[in-house]
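What follows draws every value from the coordinates through simple rules; no lab data is involved. All values reported here derive from a predicted model rather than from experimental measurement. Backbone-built Cβ (ideal geometry, glycine too); neighbour counts: all protein chains shown.
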Amino acid sequence: MKRRMARACERSRRSPDEITLVAVTKAFESQAIRAAFDSGIRDFGENRVQEAEGKIAQLSDLRSSVTWHMVGHLQSNKAKIAVELFDIIHSVDSVNLAGILSRRLDRPLPVLLEVNVSGEVTKVGFSLGELVAAVKEIGQLPNLKLMGLMTVAPVAAEPEAVRPVFRKLRELRDSLGLKHLSMGMTDDFEVAVEEGATMLRIGRAIFGERRQ
């Protein structure tokens, strides 16, 4: 995994230090997370608030040493718990959700906006046409630190097929003057690195196949 990441960085003349590897722990038990921590990983991502709540409690001794990322769809009724659990939220997908998060916070919280770059009807996120206005509105909300953009690429037989999606997100990020790009998973992370990802969301390549 790290060798592939290093080679992708070399091809794109980037430093691996520019990229945060977020180990996505959906469906994996706390023991697997602890083993990953022991191997040097310090950033962990969860898709569901309820699942994360139990794991973070079980791993409370690691709390000050790791960063917890919310990377899955966040329901507005889970916002209060989410702001207590997570250090950064990748998946703010509406102005309404951003407002709810802002009202629940008593501290600054880094967030990224999820963008449906490919326009798939099955995906959530801001459309390309909505994004500029959303950035302006969310950027004015108290306690939310708007850090960048996130996307989930379409499933493709070849990673190269999703390059235009990653490239478009980078162009959007640059035009908006933001810093981070959360994009790239196990099957396409090398292309994401080449297109400027600063955060990779990797599950299977670290933990193996999920059992559920």
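Would you mind finding the one in V155, V121, V165 that is touching a Ser or Thr at 6+ places or on another chain (Cβ under 6 Å) and not hydroxyl-bearing (S, T, Y)? Result of the check over V155, V121, V165: V165. Scoring F86 on the criteria (1) surrounded by fewer than 16 Cβ atoms within 10 Å (Cβ to Cβ); (2) closer than 22 Å to L181 by Cβ; (3) not β-branched (V, I, T) leaves a single failure, condition (1). Yes or no: the range 36-55 includes at least one residue that is touching a Phe, Trp or Tyr at 6+ places or on another chain (Cβ under 7 Å) and within 22 Å of E171 (Cβ to Cβ). So far as the range 36-55 goes, no, none of its residues is touching a Phe, Trp or Tyr at 6+ places or on another chain (Cβ under 7 Å) and within 22 Å of E171 (Cβ to Cβ). Of all residues in the range 30-38, none satisfies being at negative phi and in contact with an Asp or Glu (Cβ under 6 Å, 6 or more places away or on another chain). For D43, state whether it is closer than 21 Å to R167 by Cα, of a type in the set (D, E) and in contact with a His (Cβ under 9 Å, 6 or more places away or on another chain). In short, no.
A quick yes/no check of all residues on (1) over 18 Å from the mean Cα position of the chain (by Cα); (2) of a type in the set (D, E); (3) over 16 Å from R204 (Cα atoms):
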| position | (1), (2), (3) |
| --- | --- |
| R7 | yes, no, yes |
| S12 | yes, no, yes |
| S15 | yes, no, yes |
| V22 | no, no, no |
| F28 | no, no, no |
| A35 | yes, no, no |
| E46 | no, yes, no |
| S64 | yes, no, yes |
| Q75 | no, no, yes |
